[in-house]
Amino acid sequence: MCAMRTAFASSGITSTGLKLASGAMLALALSLPALCVTAKSFVDPLDQPASTVLQAAQKPLRDIVNTGKRLIAVGDNGLIIFSDDQAGTWRQAQVPVSVDFNAVHFADEQHGWAVGHGAVILHSSDGGETWTKQLDGRQLETLVVDYFKNKSGLEPAQAESYLSAILSMSRPGPGQFFMGVWFDESGSNGFAVGPFGLIVGSHDGGKTWQPWNTRIDNNDLLHLTAIGEVGGRLFITGERGHVWSLEPGTGRFSALQTGYEGTLFGITGGQGALLAYGLRGHVFRSADEGHTWSPVKSDFNTGVVAGAALSGRGVVLVSQSAQVAMSRDQGGTFTPLDIQRPSLFSGVVGMSDHQLALVGLNGVTTMNLK
């Protein structure tokens, strides 16, 4: 039998439109011959350090951040790269796993987290040059089961109900994966989210984690696609047009309805307005912290998968089909931008008021804003 680990659970995440489905399935298909080996020679990607690759900045990448002094991007097969010269040159980080990464977040210039397949959470304390593993899927199931059996503080029947629902939807383990990660400026409090309602939280910088399913309005275990802070508040996006907001003082994520029935892939904006974006080019805007939403007209014709707020009132959104558009009025209107190196994009970040760095299937692309 071939030793392999599927990237997605069997219930068909591709049908929900998760932004990484096509790329992940392609990567899986290409990797099958290499994985069909004897059990003796197989090395689990959770134990295999990432290989050094040539032209790393041209390999498939999925997310990128700007720490203020450094750009850091994550991608397939354990690839993490960083640049100290505005994407001019890149170096490859030391990474203890070779799974695909979906998201990266830095709380400050030194402390960051990367998450991805195999339910991996990595941490860096040196600006992304070296990484250590804090959690993987082999630990996740034990963590979830132990929490609801012994540590949740719920009545036994209620705890068993939560655990039964989670295990019936998608058994936590190496087949799971995280889609987003976030930590506060202290680097202590953070969350990681993923499909089938997967959400874990930490109060010690990721040294320990616990499920947060009892503290989010998501009884249907909808997929959670991204997490990020906008205007001083923390938001999660997901299926059925849902946005969840961490309510101050309650420690609970409350559901906000956008009126959309499709999947949202992320959220950006500023204190003046929130912008949630997702399938088939849909973008929604809220000027009252997510209580009410209205659709935004744009030229996007495929999934809007990434966004970045720039200084002032600028916001940039990008789609899977190499469309890039910018708003200078807090998301009220968007103007398409020309790009010289189109790609299946998955991440974007501002390098300055006039320059962007984008990542996708063809690696890093930069563009100047007029």
Review point. How many residues are in contact (Cβ under 8 Å) with a residue 60 or more places away in the chain and exposed (fewer than 15 other Cβ atoms within 10 Å of the Cβ) if we restrict to segment 314-344?
Key: 0
Exercise for review: Tell me which residues, restricted to segment 248-301, are touching a helix residue (DSSP H, G or I) at 6+ places or on another chain (Cβ under 8 Å), more than 24 Å from residue 313 (Cα to Cα) and aromatic (Phe, Trp, Tyr).
Suggested key: 253
Study note, to complete from the structure: Flagged in segment 155-181 as farther than 29 Å from residue 228 by Cβ and part of a loop (DSSP other than H, G, I, E, B), in numbering order, are 155
**Study point:** Given (1) out of contact with any strand residue (DSSP E or B) (no Cβ under 9 Å at 6 or more places or on another chain); (2) closer than 21 Å to residue 307 by Cβ, index of the condition residue 222 fails
**Key:** (1)
Practice item. Give the residues of segment 48-70 that are at pLDDT 95 or above and either out of contact with any Gly (no Cβ under 9 Å at 6 or more places or on another chain) or among the polar types (S, T, N, Q) (or both), sorted by residue number. Key: 48, 51, 52, 53, 54, 55, 58, 66, 67
Check your understanding: Exactly one of (1) buried (at least 22 other Cβ atoms within 10 Å of the Cβ); (2) aliphatic (A, V, I, L, M); (3) out of contact with any helix residue (DSSP H, G or I) (no Cβ under 8 Å at 6 or more places or on another chain) is unmet by residue 199. Its number?
Key -> (3)
Check your understanding: Name the residues in segment 320-360 that are more than 19 Å from residue 104 (Cα to Cα), of a type in the set (S, T, N, Q) and assigned to a strand (DSSP E or B), would you?
Key -> 327, 335, 352, 355
Exercise for review: Just one of (1) farther than 19 Å from residue 217 by Cα; (2) touching a helix residue (DSSP H, G or I) at 6+ places or on another chain (Cβ under 9 Å); (3) crowded, with 20+ Cβ neighbours inside 10 Å trips up residue 206, so point out which.
Suggested key: (2)
Check your understanding: Does segment 282-296 contain at least one residue that is over 19 Å from residue 192 (Cα atoms), without any contact (Cβ under 8 Å) to a residue 40 or more places away in the chain and in contact with a Lys or Arg (Cβ under 6 Å, 6 or more places away or on another chain)?
Key -> yes
Check your understanding: Of the residues that make up segment 142-152, is at least one within 20 Å of the chain's Cα centre (by Cα) and touching a residue at least 12 places away in the same chain (Cβ under 8 Å)?
Key -> no
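The values are calculated or read from the model by the stated rules, or taken from the named source; none is laboratory data. Keep in mind that what you see is a predicted model, and the values were worked out from it rather than measured. Every residue, glycine as well, gets a Cβ built from its backbone with ideal geometry; the counts of neighbours run over all protein chains shown.
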